[in-house]
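Comments concern the structure below.
The values are calculated or read from the model by the stated rules, or taken from the named source; none is laboratory data. In this text the structure is predicted, and so the values were computed from the model without any measurement. Ideal geometry is used to build each Cβ from the backbone, glycine not excepted, and the neighbour counts take in all protein chains shown. In case anyone asks, the SASA skips ligands and DNA or RNA and just uses the protein heavy atoms, side chains included. Shrake-Rupley method; radii C 1.70, N 1.55, O 1.52, S 1.80 Å.
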Amino acid sequence: EADSAPCGGGILVDGDAVSPASPLRSMVVDSYTQINLDGPGVLCTNNGYAQLVSFFGTFCHYHAKARNGGQLNLSNCVSDFGRFGLIAEGKSPNVIATATVVNAASAADTTFICTAPAKAASWHGSQVIPRTTQIVEINGNSYQIKQSVADSNGNYTITVYNPDPNNNSVNAGLVADLTSGNAVNFYQKSLITTGGHVFEYCGSGT
């Protein structure tokens, strides 16, 4: 039918539901078909991670969604019908690491240098290295990390990506000047990566 009442969910990958002693917050699925009439296929949240291989979502409200720093890696998957295909939104609700600005930088600069990040107590990994899978926040402004390069002193030169709202191919750089000692916060980006993905009639109904 073209429409239906929402039904129960499929897979929930919740990083907050894992034992604090566990170094892993992940799930692996292979050769799996999720049929939900307007229910979620897979929701990955709170810094959880899932690797989904040959995962088919049919008639789902969404096939896969990453939020609150959740990250999904899909391979050889198909999104069939339903309302939405793949959705990634937001970042981890809490800071995963902190650092400080080393050298001053000016508004519109695309790079800045910070100290090596110190991981937050709540972060489940052993360390945090600035990566493109993270969001960096300075003075209330958030940026995507485009590149990160370590130097011999252990500091990192970070290239930020701040798309111009009128032309996304233009990197507008820093919103405001930075001074030495400014606090730098790192967050986990909600992210979906996929290869060999087929979309068939997404948005046509449940």
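Between Ile35 and Tyr161, the distance separating the two model label sites (each 7 Å from Cα on the Cα→Cβ line) works out to 3.8 nm.
The charge dipole of the chain, taken about the Cα centre with unit charges on the Cβ atoms of Lys, Arg (+1) and Asp, Glu (-1), comes to about 440 debye, rounded to the nearest 20. In a fully extended conformation the segment linking Ser26 and Ala183 would gain 53.5 nm over its present Cα-Cα distance, using 0.36 nm per residue.
The heavy atoms of Val170 present about 60 square angstrom of accessible area, all protein chains included, probe 1.4 Å. Normalised by 2.2 N^0.38 Å, with N the number of residues, the alpha-carbon radius of gyration of the chain equals 1.16. Our estimate of slack between Ala150 and Ala120, defined as 0.36 nm per intervening residue step minus the Cα-Cα distance, is 8.8 nm.
Most simply put, the chain has about 45% antiparallel DSSP beta bridges, counting only bridges with both residues inside it. Accessible area per residue for the stretch 155-198, computed on protein heavy atoms with a 1.4 Å probe, is 47 Å².
Paramagnetic label reach from Tyr201 (point 7 Å along Cα→Cβ; backbone nitrogen cut-off under 17 Å): within the stretch 23-50, residues 34-39.
Computing the accessible area with a 1.4 Å probe over protein heavy atoms, can you report the carbon and sulfur percentage for the chain?
Answer for the chain is 50 percent, counting heavy atoms of protein chains only.
Using C-alpha pairs below 8 Å separated by at least 6 residues, the relative contact order for the chain is 24 percent. With every protein chain in place and a 1.4 angstrom probe, the accessible-area ranking of Leu74, Leu43, Leu24, largest first, reads Leu24, Leu43, Leu74.
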